[in-house]
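The values are calculated or read from the model by the stated rules, or taken from the named source; none is laboratory data. Keep in mind that what you see is a predicted model, and the values were worked out from it rather than measured. Heads up, the Cβs are rebuilt from the backbone with ideal geometry, glycines too, and the neighbour counts pull from every protein chain shown.
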Amino acid sequence: MPELIVSPNDNKKYAQITLDNGLRVLLIQDPEANKSAAALAVNVGHFDDPEEREGMAHFLEHMLFLGTEKYPTPGDYQRFISQHGGNHNAWTGPEFTCYFFDINHASFEEGLDRFSQFFTAPLFDAHLADKERLSVDSEFKMKLRDDVRRLYQVHKQTVNPAHPFAKFSVGNLQTLEDRDDRPVREELLAFYRQHYSANLMTLVMVSHAPLELQQQWAQQRFAQVENRNLIKAYPDIDLYTDRELNIEVRATPLKAQRRLTATFPLPGVDRWYHLKPLTFLAHMLGYEGRGSLLSLLKRQGLATNLSAGGGINGYNFKDFNISFQLTEKGIAEQDTILGLMFQYIEVVKAQCLEEWRYDERKTLLDLAFRFQEASKPMDLASHLAINMQHYPEHDIIYGDYRMDKLDTQLTRDLLGSMHPKRLRLQLVLPELETDRHARWYNTPYSIEPITEQRRCRWAAVPKSHELSLPGPNPYILKDIKARHEEQDSEVPQVVFERDGFRLWHFKDSEFNVPKGHLFIALDSDEAHRTTRAAALTRLYIAMLLDDLSERTYAAEIAGLSYNIYPHQGGLTLHLTGFTGKQQELLSLLLSQAKKRNFLPRRFNDTKSRLMRNWHAVRNARPISKLFNSLTATLQHRSYEPLRLAAGLETVTLEELHEHIGRIYRQINIEAFVYGDWLRAEADALARDLHQQMIKLSAPGPEVVRELVSIEARGTILRELPAEHQDSAILVYYQSRRHTPEKAAMFSLLNHAMSSNFFHELRTKQQLGYMVGTSYVPLNHYPGLMFYIQSPVASPLQLIEAIDQFIADFSYALMQITHDQWQSTKQGLVRQILEPDANINARAQRLWTSIGNHDNDFGLRQRIAEEIDTLERADMIRFIVSRMKAKVPDRLILFSCGNQHQDHSVIEGSSNIEDLNRFKSETGRFSV
C-alpha cells in the first residue's frame with residue numbers, strides 16, 4: 001500500500017488496513033489526543049432512496065441509533081457516550097452517510113463495541129420505527145420556512161427528473177408511511193440489506209492507543225460487518241438536459257434576499273483533485289481587489305458581494321456558480337451585471353493562464369499543508385472517513401491540499417464551458433411574479449427561457465477598461481518558520497499598562513506554526529448605550545468592513561484574516577494568520593478605522609442590507625428566535641434585531657459620522673498578542689497602539705456589563721410571535737452568584753441531564769426534533785436552559801413535560817451507582833480541562849479568560865476541582881430547592897405555533913409586556 005503523505009507538522013502515526021470483509025480502515029495514533037474518536041462513512045445517501053420511499057437513507061441513519069441486539073435499550077448508546085465525556089452525531093448526504101463519536105480514552109474500546117453493532121446487528125424495532133418517523137417528520141417541518149431548504153427543493157424540481165439529485169432527501173410522514181402490504185419497517189430492512197455493505201465502508205479510528213491494539217479492536221468489532229460485494233453505480237444520466245438549460249429560475253424567499261446566480265454546468269471534477277483547476281478559476285473569478293468584477297459593480301452601485309466557484313457537485317456533475325448580492329439598482333440592471341460578468345470571464349481567459357498565477361494559489365495550499373494544525377479527534381475522523389471515499393490511499397490527507405501543476409488545456413476547456421449559450425440563471429427576490437410551487441416546501445417559483453434578445457443585451461454592455469487581474473500578491477511569504485523564544489511564564493502576562501490601556505502577551509511554544517493572533521477590544525460607553533447607538537455601532541462596523549474589503553483582499557488570500565465584531569462594551573478587532581505581514585495589515589486596518597468619510601451610496605446600500613438581515617429574523621425558526629432573545633432579555637446592552645432595525649431606520653450618514661466621533665471620545669483598550677509574536681515585537685506594538693490611542697481619544701474606564709437578575713421574581717414569562725406552525729419554549733435558570741462552585745453545579749447538572757432529557761422528550765415522547773439542554777453562562781453568571789421546538793405540543797404541554805422531567809430526574813439520580821456518578825463527573829472534568837487542539841482554540845480560550853477577568857487563567861481548573869467535590873445529595877438538594885420549588889425563579893421564553901393558538905396558556909408570576917421597562921426596573925448584576 002502506498003505510503004500516506006502527511007504534513008511535516010504532523011507527529012501522529014498512521015496505518016491503513018483492509019479487513020477480510022473489504023472494509024477499509026485508517027488507524028491514527030495520536031499521543032496528544034485528549035479523547036479517542038471513530039467515524040464510519042458508507043457510500044449510501046439519498047441518491048439511493050427508492051423512488052417511492054424518498055428519505056429512506058435519512059430514516060435509516062436515525063434508526064441505527066435506537067438499539068442493537070447486544071445493546072437493545074433505546075438511548076443507551078447516547079447515555080454511555082455522554083457519561084464518558086463524549087459526543088456523537090451522524091449526517092446523510094446525497095452519496096454518503098457518516099456516523100461518528102468521541103469518548104474518553106478508557107471507554108473507547110467499549111464505545112467501539114457499541115458503535116460497531118450499528119453495522120452488524122441493528123434491531124430496527126417496529127415500535128421505535130413508528131416513533132422515529134415522527135422525528136424525521138419534525139426535522140422536515142422544522143425547516144419548512146428555511147430558505148436554504150426551500151430554494152434547494154426548487155433546484156431539485158428544475159433539473160432532469162430522471163437524475164437522482166431530483167429526489168426529496170429528508171423524508172416525512174407521507175414518504176415513510178405504512179402502505180398496504182408494505183410496512184415501512186420491512187422496506188427499511190430491505191434497504192439496509194441492499195445498500196449497507198462492508199466494501200462500501202471506510203472507518204477511521206483516532207486514539208492514543210498503539211496502532212497494533214487499535215488494529216485488534218477494528219478486526220474484533222468490524223470484521224463481522226457483512227460484505228455483500230456491492231458495486232456502486234449511479235445512473236449515467238445528465239443532471240441537465242437541453243430542457244433544463246438556458247433558463248432563468250425565479251424564486252421568492254421568506255427572508256429578504258436579493259441574489260442573482262449564474263450557473264455553468266460542468267462534468268464531475270473529482271478526477272482532477274490533484275490539479276484543482278476549479279479552485280484556481282474560482283480564485284481568479286472571485287478576486288475582489290481593484291480591477292475585479294466586484295470592485296466595478298460596487299463602484300457602479302449594482303452589487304454588494306460576489307462569490308465564485310460554489311455549487312452542487314456529485315458523481316457526474318459540478319455546478320460552477322457566480323453569485324451576486326444585488327442592490328436596488330442592481331435589480332433593475334441585471335443584464336448589465338451579466339454582460340460585465342462575461343467581459344470579466346474573457347479577461348480571465350486572456351490573462352490567467354500563466355504559471356505564476358497558479359503557483360501563487362499552490363503556494364498558499366502548500367503553506368496550509370506544511371503548517372497544518374491539529375483538529376479535534378472526532379472532526380479529524382469524520383473528515384478523513386469521507387476523504388477515504390474520494391482519494392487514493394496516499395492522498396487521504398494530502399488530497400485536500402494537492403495542486404500539482406497548471407494544466408493549460410484543461411483550464412482553457414473549463415473556461416470555454418462558461419459561455420452565454422450554456423448556463424442557468426437563478427433570481428431570488430421577494431415579491432416576484434411566479435406561477436408554480438415547489439413540492440414539499442411550497443416555494444413559489446417560475447421558469448423563463450433565456451432568449452437570444454437577452455443575450456444580445458449582455459453583449460451590448462459597453463466594454464469596461466477597468467477590468468483586470470491582479471499583479472503578484474505582496475502578502476504571500478514562502479520561506480517562513482516558527483521562531484523560538486524562552487518564556488518566563490506559562491500563562492499570558494501584561495507587558496504594557498497605562499490609564500485606559502493594557503496589552504497582554506504570550507509566545508506560543510507548543511504548536512510550532514508561524515501564526516499569530518491579535519485581539520484588540522475597544523470599550524466605549526457610547527457604543528451600545530441605547531438601541532439606536534447599538535444599531536449605529538453595527539452600521540459603523542459593516543461600513544468599515546465593506547470599505548476594507550477591496551484594500552485587504554490580497555492579504556486575506558495570503559492567509560491573513562481579520563474580523564471586527566460588536567460586544568456589550570464596544571467592538572473588537574481580531575486579526576489572525578501568518579505573522580510575517582500581520583503588522584502591515586494591522587496598520588492598514590487602524591488607519592481606515594479612524595476615518596469618517598464613508599460614501600453616501602455605500603452608506604445607503606449597507607444600511608439597507610443590515611435592515612433586511614435584521615427583519616429576516618421574522619422568518620427564523622422559532623427556537624432560534626428564543627435563543628437570540630435570551631441575551632437581549634437579560635443583558636442590559638444587548639438588543640433584538642427588530643429593535644435594532646427600528647433604531648436604524650431614520651439614521652443619516654451625518655449621524656453615523658457623529659456617532660463614530662462619540663465612540664472615540666473616550667475609550668478603554670484591552671489587547672492580547674499570542675502565537676509567533678516575540679516579546680520585543682509585543683512591546684513595540686503596545687507602545688505604538690498606545691500612542692495612536694492618545695492621539696485619537698482620551699482614556700476611559702471599562703464599560704460595566706450588567707445582567708438582569710431574576711432572583712425572587714418567580715416564573716417570568718415572555719411570549720414572542722411565532723409566524724410558524726411549530727411552538728417553541730426555552731426555560732432558563734440563573735445562578736445568584738458567579739463562583740467556581742456555582743459554575744460546577746450548573747455545568748454538572750447540564751451534563752448529567754442532557755442525554756436523558758433528549759431521550760425522554762425526543763426519542764420517547766417525540767415532542768420535536770430540536771430538544772436539548774445547555775449550560776449558559778451570561779456575563780460570568782452560570783445558567784441552565786431547557787429548550788424544545790415542537791410541531792405536536794403547545795407551550796403549556798412543553799413546560800409540563802419539562803417540569804415533569806425535572807421532577808423525575810432527582811429520583812433518577814438516586815438510582816445510579818456510585819461508579820456511574822463518579823464517571824459522570826469525570827466525563828465533564830475531562831471536557832472542561834480538554835487540551836486545546838490547535839493555536840486557534842488556545843487563542844480563543846485565553847482571550848475569553850482575559851475578558852472574564854480570569855487573570856491567573858485558573859478558573860477552569862477551579863471549576864473542575866469543585867465538580868470533583870460535588871455529591872449526588874448536593875445536586876438533589878439544588879434541584880428540590882431551586883427547580884422544584886412551588887414557584888421557581890426562572891425565565892420562560894416561548895412562542896405559540898399557528899396550530900396551537902386555541903390551547904391553554906402558560907401561567908407565571910409575571911409577564912414581560914414591555915422589554916425596555918422590564919430591563920430598566922429589574923435589579924441587575926454588574927460585572
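Candidates are the residues of segment 448-471 that are free of Cβ contacts under 8 Å to residues at least 40 places away in the same chain and part of a loop (DSSP other than H, G, I, E, B); the one that is surrounded by the fewest Cβ atoms within 10 Å (Cβ to Cβ) is His465. Would you check if Ala482 is touching a residue at least 40 places away in the same chain (Cβ under 8 Å), over 30 Å from Lys12 (Cα atoms), assigned to a loop (DSSP other than H, G, I, E, B) and hydrophobic (A, V, I, L, M, F, W, C)? No.
Yes or no: Tyr14 at pLDDT 95 or above, among the aromatic types (Phe, Trp, Tyr), part of a loop (DSSP other than H, G, I, E, B) and surrounded by fewer than 23 Cβ atoms within 10 Å (Cβ to Cβ)? Criteria not met by Tyr14. Take the conditions (1) at pLDDT 95 or above; (2) surrounded by fewer than 16 Cβ atoms within 10 Å (Cβ to Cβ); Ser7 misses just one of them, which is (2).
The rows are residues; the columns are (1) modelled with pLDDT of 95 or more; (2) in contact with a His (Cβ under 9 Å, 6 or more places away or on another chain); (3) not in a strand (DSSP E or B).
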position: Ala41; (1), (2), (3): yes, no, no
position: Glu54; (1), (2), (3): yes, yes, yes
position: His58; (1), (2), (3): yes, yes, yes
position: His62; (1), (2), (3): yes, no, yes
position: Pro72; (1), (2), (3): yes, no, yes
position: Tyr77; (1), (2), (3): yes, yes, yes
position: Ser82; (1), (2), (3): no, yes, yes
position: Ala90; (1), (2), (3): yes, yes, no
position: Asp102; (1), (2), (3): yes, yes, no
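It is to be established whether one or more residues within segment 281-296 are at pLDDT 95 or above, touching a helix residue (DSSP H, G or I) at 6+ places or on another chain (Cβ under 8 Å) and within 25 Å of Ile386 (Cα to Cα). Yes, there is a match, as at least one residue in segment 281-296 is at pLDDT 95 or above, touching a helix residue (DSSP H, G or I) at 6+ places or on another chain (Cβ under 8 Å) and within 25 Å of Ile386 (Cα to Cα).
Which members of segment 885-927 meet the condition of being within 31 Å of the chain's Cα centre (by Cα), part of a loop (DSSP other than H, G, I, E, B), surrounded by 17 or more Cβ atoms within 10 Å (Cβ to Cβ) and not small (Gly, Ala, Ser)? Hit for segment 885-927 is Cys896, nothing else. The residue that is farthest from Thr579 (Cα to Cα), counting only those in segment 482-496 that are at pLDDT below 95 and not charged (D, E, K, R), is Ser489. Hey, could you check segment 123-164 for residues that are buried (at least 20 other Cβ atoms within 10 Å of the Cβ) and in contact with a strand residue (DSSP E or B) (Cβ under 7 Å, 6 or more places away or on another chain) and say which is modelled with the lowest pLDDT? Within segment 123-164, the match that is modelled with the lowest pLDDT is Met142. Taken over segment 134-192, the residue count meeting the criterion of being in a loop (DSSP other than H, G, I, E, B), under 21 Å from the mean Cα position of the chain (by Cα) and among the β-branched types (Val, Ile, Thr) is 1. Does any residue of segment 842-852 turn out to be over 30 Å from Lys515 (Cα atoms) and hydrophobic (A, V, I, L, M, F, W, C)? No, that holds for no residue.
So, in segment 420-439, exactly how many residues are surrounded by 18 or more Cβ atoms within 10 Å (Cβ to Cβ), among the aliphatic types (A, V, I, L, M) and touching a Lys or Arg at 6+ places or on another chain (Cβ under 8 Å)?
Counting residues in segment 420-439 that are surrounded by 18 or more Cβ atoms within 10 Å (Cβ to Cβ), among the aliphatic types (A, V, I, L, M) and touching a Lys or Arg at 6+ places or on another chain (Cβ under 8 Å) gives 3.
Evaluated against (1) within 19 Å of Gln389 (Cα to Cα); (2) touching a residue at least 12 places away in the same chain (Cβ under 8 Å), Leu173 falls short on exactly one condition, (1). Taking first residues from segment 626-650 that are over 17 Å from Pro721 (Cα atoms) and assigned by TED's automatic domain parsing to the domain that holds Gly570 and partners that are among the acidic types (Asp, Glu) and surrounded by fewer than 21 Cβ atoms within 10 Å (Cβ to Cβ), the Cβ contacts under 8 Å between residues at least 6 apart in sequence or on separate chains come to Gln635/Glu706; His636/Glu706; Arg637/Glu706. Counting only strands (runs of 3 or more DSSP E) that fall entirely inside segment 680-753 and contain at least 3 residues that are within 30 Å of Gln826 (Cα to Cα), the qualifying elements are 727-734. Only residues that are in a helix (DSSP H, G or I), in contact (Cβ under 8 Å) with a residue 24 or more places away in the chain and over 17 Å from Ile694 (Cα atoms) were counted across segment 651-665, and they come to 5. When Phe757, Phe809, Phe805 are checked against the criterion of being more than 30 Å from Ser36 (Cβ to Cβ), in the same structural domain as Ser735 (by TED's automatic domain parsing), over 23 Å from the mean Cα position of the chain (by Cα) and in a helix (DSSP H, G or I), a single residue qualifies: Phe805. Taking residues in segment 2-18 that are closer than 17 Å to Ala385 by Cβ, and partners anywhere that are of a type in the set (Asp, Glu), the pairs with Cβ atoms closer than 8 Å and at least 6 places apart or on different chains are Leu4/Glu393; Lys12/Asp30; Gln16/Glu393. Listed by first and then second residue, the pairs with beta-carbon distance under 7 Å, at least 6 apart or on different chains, first residue in segment 800-816 and farther than 23 Å from Leu730 by Cβ, second assigned to a helix (DSSP H, G or I) and basic (Lys, Arg), are Leu813/Arg872.
Quick check on Ser790: is it closer than 19 Å to Ser904 by Cβ and hydroxyl-bearing (Ser, Thr, Tyr)? So Ser790 fits the description; yes. Taking the conditions exactly as written (without any contact (Cβ under 8 Å) to a residue 60 or more places away in the chain and over 28 Å from Tyr445 (Cβ atoms)), does Arg290 satisfy them or not? Judged against the criteria, Arg290 is not a match. The one condition from (1) within 27 Å of Arg271 (Cβ to Cβ); (2) part of a strand (DSSP E or B) that Lys405 does not meet is (2). Within segment 872-901, the set of residues being without any contact (Cβ under 8 Å) to a residue 12 or more places away in the chain and over 23 Å from Ala620 (Cα atoms) comprises Ala873, Arg877, Ser881, Ala885, Lys886. Scanning segment 812-861 for residues that are in a loop (DSSP other than H, G, I, E, B) and hydroxyl-bearing (Ser, Thr, Tyr) returns a single hit, Thr817. Candidates Thr202, Thr175: the one that is surrounded by 21 or more Cβ atoms within 10 Å (Cβ to Cβ) and in contact with a strand residue (DSSP E or B) (Cβ under 7 Å, 6 or more places away or on another chain) is Thr202. Applying the criterion of being among the aromatic types (Phe, Trp, Tyr) and assigned to a loop (DSSP other than H, G, I, E, B) to the residues of segment 421-447, the residue that is nearest to Glu54 (Cα to Cα) is Trp440. Taking segment 299-397 and the helices (runs of 4 or more DSSP H) fully enclosed by it, the elements with 2 or more residues that are of a type in the set (Lys, Arg) and surrounded by fewer than 22 Cβ atoms within 10 Å (Cβ to Cβ) are at 355-370.
For segment 226-252, a residue qualifies if it is touching a Ser or Thr at 6+ places or on another chain (Cβ under 8 Å) and closer than 30 Å to Leu429 by Cα, and the qualifying residues are Glu244, Ile247, Val249, Arg250, Ala251, Thr252. Evaluating Ala837 against the criteria (1) in contact (Cβ under 8 Å) with a residue 12 or more places away in the chain; (2) of a type outside the set (Phe, Trp, Tyr); (3) closer than 18 Å to Glu741 by Cα leaves one unmet condition, (3).
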